[in-house]
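All remarks here apply to the structure that follows.
What follows draws every value from the coordinates through simple rules; no lab data is involved. These figures come from a predicted structure and were not determined experimentally. Note that we place each Cβ from the backbone using ideal geometry, even for glycine, and neighbour counts take in every protein chain shown.
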2 protein chains.
Amino acid sequence: MYSIGQTAKLTGLSIDTLRYYEKIGLTKPPVRAKGRLRSYSEEDVRFLISLQCLKKTGLTLVEMKAFLMEGQCYANPYFPLSAEDRETIESRTSILAEHLARMEAQYAALASLMEQTKEKLEVYRELLAKEATKP
Amino acid sequence: MYSIGQTAKLTGLSIDTLRYYEKIGLTKPPVRAKGRLRSYSEEDVRFLISLQCLKKTGLTLVEMKAFLMEGQCYANPYFPLSAEDRETIESRTSILAEHLARMEAQYAALASLMEQTKEKLEVYRELLAKEATKP
DNA sequence: GGTTGACATGGAGTTGACTCCAGATTCTAA
DNA sequence: TTAGAATCTGGAGTCAACTCCATGTCAACC
């Protein structure tokens, strides 16, 4: 179990941010050591790290919250779904599918930008190379 | 030439955002029709669209501004560099290289997230398929 | 010739995501 | 036992990036 300070260091999030995420309900309140101090588990830490990955794909905190609530199983795809009814499964599927589509669009845009950037870099590098071999 | 309203529709940016970008110096002031009304060219529109692509790669407006100023050649890689001195070329090269590295990291993170999401989707779809074939 | 609609300006307000602060509590080391 | 460090709470402040507002100009249509 980690203190809030250790958790901040492990995840790269600030102490304030950890408390903020808890306040807005993005993370569940962690256990309290001695009934007072927040105490984060290994799993909590992994979860916080995966949150940052999701964030990088451009989701807002509110979207992430909705995403995680709807698909509780994000952490564990083998979450007991058999008890869920068909509609719930379909809803989760469509949320994931939409999110995937957005990520794919972003992926394609990134790829094209990277390609352009590489070409420009090449032009510069050639220029520098030519300069270097001048008399 | 397009009015600010038409430009907003074409680019997906709001009228206020177009004026805001101009105010902070991210875009150059467009020609004024009848000395009063902003009038955007095809090229202005293309530029605005490419700004949005850059933005999606996670650059802030300030970074984008610096990026575009430093490497004026972003729009045209064959910009007359011969007149520039070696240091300027090196500076542009390193800005582009750093930006490329960031994009590559983001690209890898996205790929891994997409992979995970696809796996989860697969699990759900199988569940739905099984349900469908039940007695 | 009056109303409508698009656009202008300067400045204020909003939103999301933190970040900081004051004052209190508790444990730890000198 | 007192000073320091880490944490607590509730609430205020900040920053980027818009977004809205009041008021004014102009051209066009009825």
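Points to keep in mind about this one:
- For chain B, the square roots of the Cα gyration tensor eigenvalues, ordered a ≥ b ≥ c, give a/c of at least 1.5 with a/b no greater than b/c, which places it in the oblate category.
- Shortest first, residue B:3 label-point distances to identical copies amount to 6.4 nm, with the label point at 7 Å from Cα along Cα→Cβ.
- Computed [θ] at 222 nm, helices only, for chain B once each DSSP H run of length n ≥ 4 contributes -39500 (n - 2.57): -22500 deg cm²/dmol
- Between residue A:41 and A:2, the built amide H atoms are under 5 Å apart, and every one of these is 5 or more places off in sequence or on another chain.
- Exposed loop sites here mean trypsin sites (Lys or Arg not before Pro) with a DSSP loop assignment and at most 10 other beta-carbon atoms within 10 Å; chain B contains its longest site-free run at B:37-135.
- With its label point defined 7 Å out from Cα along the Cα-to-Cβ axis, residue B:61 lies at 2.2 nm from the matching points of the other copies, in increasing order.
- For the residues B:90, B:119, B:22, a GNM of chain B with alpha-carbon springs under 10 Å puts the largest fluctuation on B:119.
- Copies compared at residue B:34 - label distances in nm, ascending, label defined 7 Å from Cα in the Cβ direction: 7.4
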